[in-house]
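Inspection log for the structure reproduced underneath, given as structure tokens.
The values are calculated or read from the model by the stated rules, or taken from the named source; none is laboratory data. If you're wondering where the values come from, they're calculated on a predicted model, not measured in any experiment. Because the Cβ atoms are built from the backbone with ideal geometry, glycine has one as well, and the counts that use them run over all protein chains shown. Ligands, DNA and RNA are stripped out before the accessible areas are found, and what is left, the full protein with its side chains, is counted by its heavy atoms. Shrake-Rupley method; radii C 1.70, N 1.55, O 1.52, S 1.80 Å.
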Amino acid sequence: MKKRRVLEYLLWITTLLVLFVGAWQLIGGFFEHQVLSQQENYLEKKGNLLLRMAKEENYNEASLRQLSQHYIEHVDERVTYLSATGKIIFDTSNSNLLGTRSNRPEVKTVLAGGKLGTSLRKSATLKKELLYVALPVEQDNHLIGILRIAESTTTFMTAASSVRNSILTVYVILCLLITIFVLYFLRQKNRPLETLLPAIKKMVANPTRTETIMQTTPQWEELYQALNQLSEQMSHTYKAYSATEHKLHTLLNDLMIGIFIVDSENKLVMINPEMKRQLGLFQNLAEKVNFAEVIKDPQLIQLVYRISPNNPFLHDEITLHQNGERVLDIDLRLFNEERQILVMSYDMTQVRQLEKMQQDFVSNVSHELKTPVTSLIGFTETLLDGAKDDPKTTTEFLRIMEKDAKRLQALIQDIIQLSKGRQALDYPIQNITVAELLAQILESYQAQIQAKNLSVHLVGDQALVWSTKVELFYPIAKNLIENAIKYTPEAKKITISYTLADNLTLNVSDQGLGIDSDDQQRIFERFYRVDKARARQSGGTGLGLAIVKESVEKLGGKVQLESHPGVGSTFTVTLPKL
Ligand code: ADP
């Protein structure tokens, strides 16, 4: 741009120079021509005067010679008198000069009948440039001779050249003024460009900065002020745009909804981290790749291809089979102006799992409740039908009914414990003496322990105090101890031990039936029992270990199991400090 402006200046200067020089050539030529024609005129008048004086003497040669001689006395001129054929009769510069001058242009003109012959050339006789003027000498309309007056050009050209120099001086000043004027206008024309262009370039390079033009040229002030305002507005707009973009970026990154956008050429414009997580994409994606190369899932690709201007909204639920099942609720929307497709995906996997768990739980609970309730109704009806009259049968039936009622009670208590969910987070933290709490639990099972003749050992610091949520810690210990007593045959040993390092570790170890490795994976599920008949017989609800696992997790700990069928089981609970 700058180069172009310099070129523009150069072009103008060259054009002006050519114009000025050309014009001077014309003026100089014209001036010279004017000087010569004036001089010719002057010489012609002189010649005519000489001839008029000679006419009085009847063109007598001697008097003409005398007049001529007299004439040149005070001027630097030369008079030549020639015959009617061009032969020299006399010449004032050289009295001995002879010969003919009929071939000279000025003489030729007169010989051809002209009234005036002129010529400017170097004289062969005087060796300098002369202006010749030849006039016919006529008597009775007959040419009787030719009078030629010549004058050295230096005589009048010296005077003319000083005038010429003065004109040149004025001309040069005029040219300079015109040049300055033209350059000034050029500069005025380019000035806003030179001031604005760098400012605009800076604005484009760094849109957040406000550019201010400090020029106070009244002519362009309005323009500069408009640009200053534009720059300020642009920087504000850009900053606002950047902030919005940043917010949008953060929002898209943190959004729990997966989003990706496909453009009109099926190229992937953007994909947010949640969408990548849902689709199991962990690699960095190249820019503007075809979306099908990234998304890969055929159901999702089909949905994107199904959307059209006639069908701009689509909604579907798809199931992906990668690292387990993943259920996605997909919404597609076509933006007609940009022909972009927005795909939003909500991960429904957990919702669906929870729904299924709830359904399973409800059907399991109904099933578990049905058995003792049916039994209670059966025995009650039998008693009412007459069995009550036999005291022995009545006692036996009432014992069975008591057992069923206790099972119902245990089941209801376990369901209540499990349903406490979020409430568990609000339980208060209390200090408990671990030995006391475990002894209290064992006390409540004393009848069963004695009936089975089990030897139970409680190992650990008697004085150990632990801060925990008792409402969660108690069911953990209770269920593990209850299971150990339930699933350990007569006369065997149960050891309950606890230690405190960084965490509290509680071990419940028995010499019971043991659990094989397949069942070990599942015994913490709700209502899972290894041997259903035996477990029901022993009064188990199938919820004990599910309560243990959920309570341990709510306390931030973990539960592990080591068991070998026929040898025994050891449940280890590790709890961090709260
Ligand atoms: P239940 O109320 O039936 O005991 P749990 O959830 O407490 O239910 O236990 C699930 C299953 O795990 C039990 O049915 C039982 O088969 C098995 N089990 C639990 N504890 C032991 C143990 N200490 N020894 C052997 N099997 C056990």
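Relative to the longest principal Cα axis of the chain, at what angle does helix 544-554 sit, 0 to 90 degrees, rounded to 10?
40 degrees
First select every other residue whose beta carbon is under 11 angstrom from the beta carbon of His315; then total the charges, Lys and Arg +1, Asp and Glu -1. Don't skip to the end; give the middle numbers.
On the way: positive: Arg333; negative: Asp316, Glu317, Asp329, Asp331.
Net of charged neighbours comes to -3.
Taking the Cα-to-Cβ direction at Glu61 and at Asn253 and moving 7 Å from each Cα, how far apart do the two end points lie in nm?
For the pair Glu61/Asn253, the computed spacing is 12.6 nm.
Taking a label point 7 Å from the Cα of Gln413 along the Cα→Cβ vector, which residues of the stretch 544-560 have an amide N closer than 19 Å to it?
Counting only backbone N, you get 544-552.
If I take every Cα pair under 8 Å that is 6 or more residues apart in the stretch 426-575, average their sequence separation and divide by the length, what percent do I get for the relative contact order?
Values: 264 pairs, mean separation 35.8, N = 150.
Taking the mean separation of contacting Cα pairs over the length of the stretch 426-575, I get 24 percent.
On the full set of protein chains, 1.4 Å probe, figure out the accessible area of Lys493 and give it in Å² to the nearest 10.
Its heavy atoms expose roughly 90 Å² to the probe.
Going highest first, how would you order 470-476, 120-126, 107-113, 384-390 by mean Cβ packing within 10 Å? Walk me through the numbers before you get to the answer.
Numbers: 470-476: 20.0, 120-126: 12.7, 107-113: 16.7, 384-390: 10.7.
Per-residue Cβ counts within 10 Å, averaged per peptide and sorted highest first, yield 470-476, 107-113, 120-126, 384-390.
Taking the Cβ-Cβ separation of Ile89 and Val163 as r and a Förster radius of 45 Å, what is the calculated FRET efficiency to the nearest 0.05? Kindly include the intermediate steps, with their values, before the conclusion.
On the way: r = 38 Å, r/R0 = 0.84.
Efficiency for this residue pair is about 0.75.
Please list, in order along the stretch 124-134, the HN-Hα scalar couplings obtained from phi with the Karplus expression 6.51 cos²θ - 1.76 cosθ + 1.60 (θ = phi - 60°), rounded to whole Hz, x for Gly and Pro.
5, 7, 9, 6, 8, 6, 10, 9, 9, 10, 10
Order of 326-332, 133-139 by packing, highest average Cβ count within 10 Å first?
Details: 326-332: 18.6, 133-139: 20.4.
Result, highest mean Cβ count within 10 Å first: 133-139, 326-332.
Rounded, prolate or oblate for the stretch 255-347? Axes are the square roots of the Cα gyration tensor eigenvalues, ordered a ≥ b ≥ c, and the cut-off for rounded is a/c under 1.5.
Details: a/c = 1.76, a/b = 1.26, b/c = 1.40.
It comes out oblate by the Cα gyration axes.
Find the percent of Cα-Cα distances in the stretch 192-344 that exceed 28 Å, and round it to a whole number. Write out the running numbers ahead of the final one.
Details: 5131 of 11628 pairs.
Roughly 44 percent, rounded to a whole number.
Output ³J(HN,Hα) for the stretch 296-304: one whole-Hz value per residue in order, computed from phi by the Karplus curve 6.51 cos²θ - 1.76 cosθ + 1.60 with θ = phi - 60°, and x for Gly and Pro.
6, 5, x, 5, 5, 4, 4, 4, 5
Provide the per residue accessible area, probe 1.4 Å, for the chain, rounded to a whole number of square angstrom. Before the final figure, lay out the partial values.
Values: 34570 Å² over 578 residues.
Solvent-accessible surface per residue comes out at 60 Å².
Under 5 Å between amide H atoms, partner at least 5 residues away or on a different chain: which partners does Thr100 have, H built in plane at 1.01 Å?
Long-range HN contacts for Thr100: Ile88.
How many times 2.2 N^0.38 Å is the alpha carbon radius of gyration of the stretch 450-497?
On the way: Rg = 12.7 Å, N = 48, 2.2 N^0.38 = 9.6 Å.
After normalising by residue count via 2.2 N^0.38 Å, the value is 1.32.
How tilted is helix 391-418 with respect to the longest principal axis of the chain? Cα atoms for both, answer in degrees (0 to 90, nearest 10).
Long axis of 391-418 versus the principal axis of the chain: about 20 degrees.
How much length would be gained if the chain were fully extended between Lys201 and Gln139, taking 0.36 nm per residue of separation minus their Cα-Cα distance, in nm to one decimal? If you can, show how the numbers build up before the last one.
Working: separation 62, 0.36 × 62 = 22.32 nm, distance 9.14 nm.
So the chain would gain 13.2 nm between Lys201 and Gln139.
Could you calculate the FRET efficiency of Leu17 with Gln233 from 1/(1 + (r/R0)^6), where r is the beta carbon distance between them and R0 is 51 Å, rounded to 0.05? The partial results should precede the final answer.
Details: r = 47 Å, r/R0 = 0.91.
Once rounded, the FRET efficiency stands at 0.65.
Restrict the search to the stretch 1-69; then list the GluC sites (Glu not before Pro) that DSSP places in a loop and that have at most 15 other Cβ atoms within 10 Å of their Cβ.
Loop-located and lightly packed - Glu57.
May I ask you to evaluate 6.51 cos²θ - 1.76 cosθ + 1.60, the Karplus curve with θ = phi - 60°, for each residue of the stretch 9-14 and list the ³J(HN,Hα) values in order in whole Hz, giving x for glycine and proline?
Per residue, the Karplus-derived 3J(HN,Hα) values read 4, 4, 4, 5, 4, 4 Hz.
Give me the extension gain from Gln430 to Gln350: residue separation times 0.36 nm, minus the current Cα-Cα distance, reported in nm with one decimal. Spell out each step's value before the answer.
Values: separation 80, 0.36 × 80 = 28.80 nm, distance 3.35 nm.
Stretched out fully, the Gln430 to Gln350 stretch lengthens by 25.5 nm.
Can you compute the helix-only [θ] at 222 nm over the chain? Use -39500 (n - 2.57) per DSSP H run of at least 4 residues, normalise by all residues, nearest 500 deg cm²/dmol.
Values: 16 runs with 301 residues, N = 578.
Estimated from H runs of four or more residues: -18000 deg cm²/dmol.
Just the C-alpha atoms of the chain: what Rg/Rh do they give, with Rh taken as the Kirkwood radius? Before the final figure, lay out the partial values.
Numbers: Rg = 64.4 Å, Rh = 38.5 Å.
Result for the chain is an Rg/Rh of 1.67.
Can you give me the relative contact order of the chain as a percent, contacts being Cα pairs under 8 Å and 6 or more apart?
Contact order relative to length: 6 percent.
Which distance in nm do the two modelled labels at Tyr42 and Asp263 give, with both placed 7 Å along the Cα-to-Cβ direction?
8.8 nm
What FRET efficiency comes out for Ser363 versus Gln462 if R0 is 56 angstrom and r is the Cβ-Cβ distance? Round to the nearest 0.05.
Details: r = 46 Å, r/R0 = 0.82.
Taking R0 as 56 Å, the efficiency between Ser363 and Gln462 is 0.75.
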